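Worksheet: one structure, shown below.
The values are calculated or read from the model by the stated rules, or taken from the named source; none is laboratory data. The shown structure was predicted, so the numbers you read here are calculated from the model rather than taken from an experiment. Quick reminder, even Gly has a Cβ in these numbers, built from the backbone with ideal geometry, and neighbours come from all protein chains shown. Protein only, heavy atoms only, side chains kept; ligands, DNA and RNA dropped before computing areas. Shrake-Rupley method; radii C 1.70, N 1.55, O 1.52, S 1.80 Å.
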Amino acid sequence: MVFEVGKSHLSGCGAMVYPANSILVVDGSPFGRSLSLLPAMKLIREAYPRAFLAVAASTGVCELLLNASLVTETIDLGVIRPAAETSFKRVVRLIRNARRFDFDLVVDFAPKPETQFLSRLVLRARTITPSRLPLVIEFLTGAGLRRGGDRAPDYESVLRKLGLEAGGNRIAITPTPEDNARFEELLARNGSRGGEPVVVLYTAGGADAWPVASFAEIAQRLAGNFNARVVPADEPGDQTFTSALEALLPKTAIKLAEPRALALMAAVARASVLITDERNLAAVASGMGTPVIDVAGLAGAHSLRGPQISVTTDEVYEEACEILQESRSAGLFRR
């Protein structure tokens with residue numbers, strides 16, 4: 001995997017605001033949301049090139065950070081669902097693994113009661129968060145465990161506290177030839193002859209996600225009218241989305257269940273079009289040159305009616321048709 005980041009600089013002529021030899025970075029956000037951690041970690045690694053740098057994050061982000069050689073150690077927090085209640089097992093795993101090391105500094109991008117309890121009362125390390133108010137009291141009273149505390153990470157705010165500024169910060173991931181070859185093999189094993197368009201479906205999940213039934217309808221229509229090879233893809237380590245879609249998919253669909261993060265990125269790179277409600281993955285796909293239908297972006301022109309994104313399947317289908325027809329026309333022109 002090739003990892004890139006946009007223009008950036010370190011403020012203060014390279015001086016460290018918080019000198020540290022051992023740093024724990026925590027991001028308890030769902031996979032798609034925490035893709036923004038990758039460029040942030042590149043800046044932190046540049047600022048602390050000799051430090052022991054550990055990250056506690058979702059399964060997929062841990063894999064991407066290790067493959068980019070941006071961290072020394074990872075603590076895999078598993079699949080983290082949007083607005084989910086705090087997992088007691090995840091808390092225990094985090095505390096047990098973090099206590100193996102002596103950290104000078106904890107950087108918590110999305111503070112929750114359990115992560116604040118770890119950094120301030122267990123590790124007793126200097127802690128940098130977007131908020132000035134610690135959440136330990138919530139943890140001790142059990143309030144945080146009951147409500148889950150799905151706080152959006154504030155990467156820029158935390159980086160500024162570290163004396164780092166990211167200008168034009170972007171996420172750019174390029175799968176290796178080996179990653180791409182494995183995905184081509186998956187297509188071939190499932191009967192693909194290589195000529196049909198590949199449509200990848202991905203959801204961020206949660207209450208505000210585009211409905212599963214809408215993804216299924218789009219899959220059926222594109223498979224029927226364009227002979228598209230539909231590839232619904234789960235978050236790394238998960239199978240919730242593909243399981244929910246299974247009975248609704250066209251027979252030619254290829255499920256990418258519990259994928260490695262690099263397998264997911266290879267699928268996105270190969271796609272004729274990606275249809276998703278995850279803004280960060282849409283940005284990654286655009287950086288790869290993959291046409292994207294960002295359902296969450298389309299929703300920007302709409303109001304939210306209830307808990308789900310109010311974009312119709314007709315709107316998404318019409319945009320997909322334009323993308324696939326342009327792709328076919330360009331292919332004929334090249335011949």
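Number of residues in segment 29-54 that are open to solvent by 10 Å² or more (accessible area, probe 1.4 Å) and in contact with a helix residue (DSSP H, G or I) (Cβ under 6 Å, 6 or more places away or on another chain): the value is 1. For beta carbons closer than 7 Å, sequence separation of 6+ or different chains, a first residue in segment 16-29 that is under 15 Å from LYS161 (Cα atoms) and a second that is of a type in the set (Lys, Arg) and at pLDDT below 95, the qualifying pairs are TYR18/ARG126.
Candidates are the residues of segment 86-103 that are under 23 Å from PRO130 (Cα atoms) and surrounded by 17 or more Cβ atoms within 10 Å (Cβ to Cβ); the one that is farthest from the chain's Cα centre (by Cα) is PHE103.
Could you please let me know if VAL273 is closer than 19 Å to THR313 by Cβ, out of contact with any Lys or Arg (no Cβ under 8 Å at 6 or more places or on another chain) and touching a residue at least 60 places away in the same chain (Cβ under 8 Å)? In short, yes. There is at least one residue in segment 55-77 that is open to solvent by less than 10 Å² (accessible area, probe 1.4 Å), under 13 Å from the mean Cα position of the chain (by Cα) and among the polar types (S, T, N, Q).
Given the criteria hydrophobic (A, V, I, L, M, F, W, C), part of a helix (DSSP H, G or I) and at pLDDT 95 or above, does ALA296 qualify? The answer is no for ALA296. Scanning segment 100-117 for residues that are farther than 23 Å from LYS42 by Cα and modelled with pLDDT of 85 or more gives a single hit, ARG100. The C-beta contact set for segment 41-64 (first residue among the acidic types (Asp, Glu), second residue surrounded by fewer than 24 Cβ atoms within 10 Å (Cβ to Cβ) and part of a helix (DSSP H, G or I), distance under 7 angstrom, 6+ apart or interchain) comprises GLU63/LEU262.
Considering only residues that are among the hydroxyl-bearing types (Ser, Thr, Tyr) and more than 17 Å from ILE95 (Cβ to Cβ), look in segment 105-131 and name the one that is most open to solvent (accessible area, probe 1.4 Å).
Here the residue is SER131.
From the list ARG193, ARG189, ARG146, the one residue that fits, being more than 30 Å from VAL26 (Cβ to Cβ), surrounded by fewer than 16 Cβ atoms within 10 Å (Cβ to Cβ) and modelled with pLDDT under 90, is ARG193.
From the list ALA261, ALA283, ALA253, which one is in contact with a helix residue (DSSP H, G or I) (Cβ under 7 Å, 6 or more places away or on another chain) and touching a residue at least 40 places away in the same chain (Cβ under 8 Å)?
Being in contact with a helix residue (DSSP H, G or I) (Cβ under 7 Å, 6 or more places away or on another chain) and touching a residue at least 40 places away in the same chain (Cβ under 8 Å) holds for just one of ALA261, ALA283, ALA253, which is ALA261.
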